[in-house]
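Structure first, commentary second.
No value in this document is a laboratory result; all are computed from the given coordinates. Computed from a predicted model, the values in this text were never measured in an experiment. Reconstructed Cβ throughout: ideal geometry from the backbone, glycine too, with neighbour counts over all protein chains shown.
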Amino acid sequence: MSAAVGQDKFFYGGQAVLEGVMMRGRTTYAVAVRKPDGEIQVLRERLLSVIYTHPIWKLPLLRGLAGLWEQLHLGMKALMWSANIQAAAEQVELSANAIRVTMGIAIVGALLFFLGVPLLAAGFLSRGHSNLFFGIVDGVVRIALLLLYLYAISFKSEIARLFAYHGAEHKTINAYEAGLPLDVPNVRTQSTLHPRCGTGFLLAVMVVSAFVFGLVGRPALPLLLLSRIVLIPVIAMLAYEFIRFAGRHRNNPVIKVLILPFLLTQKLTTREPDDRQIEVALAAFEGARREEKEAAA
């Protein structure tokens, strides 16, 4: 999920969904999906939960938890809606519970994979070595697994289309940030990379976790496993602050060097979109900003 800073310093965010894009505005989020018949369908809903409205969730570090919840909550909601739009065209009915269970299993499986496999590898490879070496191996294996996973899934045609919509989302927000008129020709000129991206956030989480877990050392197995779970929110908060800071200072020469690996990682999860996919991203962005534009008129 990327975010961009407009003139009002608000961070707009987005995410690719099935044949579409979700955009998160200040008070509203919108999902735009290209239906099989070619029509663009848009869902707009107000953000009414306290996690979006209460000022405490805008404080440093705590906003990282809010951002993590937003990715899980809004992201899943948008995915479910887009999946149902595509399924309806094929006269297939998807229950919300079935989608939630599937997503839950996927999340648990990802946690087991990206936490368990590095631990096993580090335990095997660091026999006779220091706790520091154990932590380094654990972190390196976790980052390598993430990159290999993203590379492997990018060959699937369905994922490639999802990544093209991801590129359309980034291009749209980059165009807005650059102050360009929001139309297809202007958006097409923009980069598919953005410093505030969900892919970059994932990599930041992996890098920060290597340092944080390294401080934990190698306690007894129950404590080791507990630390991996308990420290996830702390790691997410720190990673979010880094991504946010880097995005605000993206033109600083030092920051440009620091964020380069995070931008390059996005080459695995973005593709150049076609004009029809850009149109969908623009529809989502305009839907998320409609109330703000009407209030300013």
Practice problem: With label points built 7 Å along Cα→Cβ from the Cα atoms of residue 189 and residue 39, find their separation and express it in nm. | Solution: 3.5 nm
Practice problem: Evaluate 2.2 N^0.38 Å with N set to the residue count of the chain, then give the Cα radius of gyration divided by it. | Solution: 1.03
Quiz prompt | In order through segment 41-54: 3J(HN,Hα) via Karplus (6.51 cos²θ - 1.76 cosθ + 1.60), integer Hz, x for Gly, Pro | solution = 10, 10, 10, 10, 9, 6, 9, 10, 5, 4, 5, 9, 10, 7
Practice problem: Report the normalised scattering of segment 163-297 as log10 I(q)/I(0) at q = 0.09, 0.10, 0.15, 0.22 Å⁻¹, calculated by the Debye formula with identical scatterers on the alpha carbons. | Solution: -0.37, -0.44, -0.81, -1.23
Practice problem: With everything on Cα atoms, drop me the angle between helix 62-89 and the longest principal axis of the chain, reported from 0 to 90° to the nearest 10. | Solution: 60 degrees
Quiz prompt | For the chain, calculated [θ]222 nm from helices alone, where every DSSP H run of n ≥ 4 adds -39500 (n - 2.57) | solution = -21000 deg cm²/dmol
Quiz item: Do any of 77/256; 156/256; 35/77; 156/267 go past 22 Å between their Cα atoms, and which?
Solution: 77/256; 156/256
Practice problem: Would you grab the residues whose amide H sits under 5 Å from the one on residue 17? Only those 5+ places off in sequence or on another chain, please, with H modelled 1.01 Å from N. | Solution: 22
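Full-extension gain between residue 46 and residue 120, please, as 0.36 nm times their residue separation minus the C-alpha to C-alpha distance.
Working: separation 74, 0.36 × 74 = 26.64 nm, distance 4.43 nm.
Result for the pair: 22.2 nm of gain on full extension.
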Quiz item: Ordered by residue, what ³J(HN,Hα) values in Hz, to whole numbers, does segment 103-108 give under the Karplus form 6.51 cos²θ - 1.76 cosθ + 1.60, where θ = phi - 60° and Gly and Pro are x?
Solution: 5, x, 4, 5, 5, 4
Exercise. May I ask for the angle, rounded to the nearest 10°, between helix 232-248 and the longest principal axis of the chain, with both axes built from Cα atoms and the value confined to 0 to 90°?
Key: 50 degrees
Quiz item: Can you list the residues, at least 5 places off or on another chain, whose amide H is less than 5 Å from the amide H of residue 28, using H built in the peptide plane?
Solution: 47
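Kindly put 278, 107, 259 in sequence by how many other C-beta atoms sit within 10 Å of each C-beta, fewest to most. Numbers along the way, then the final one.
On the way: 278 27, 107 12, 259 23.
By the 10 Å Cβ count, ascending, the order reads 107, 259, 278.
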Quiz prompt | 3J(HN,Hα) from dihedral phi, segment 210-220, Karplus parametrisation 6.51/-1.76/1.60, rounded to Hz, x for glycine, proline | solution = 4, 6, 5, 5, x, 5, 5, x, 9, x, 4
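What FRET efficiency do you get for residue 290 and residue 211 if R0 is 45 Å and r is their Cβ-Cβ distance, rounded to the nearest 0.05? Please report the intermediate quantities before stating the final value.
On the way: r = 42 Å, r/R0 = 0.93.
Computed FRET efficiency for residue 290 and residue 211: 0.60.
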Practice problem: Mind pulling the angle between the C-alpha long axis of helix 157-177 and the longest principal axis of the chain? Nearest 10 degrees, somewhere in 0 to 90. | Solution: 70 degrees
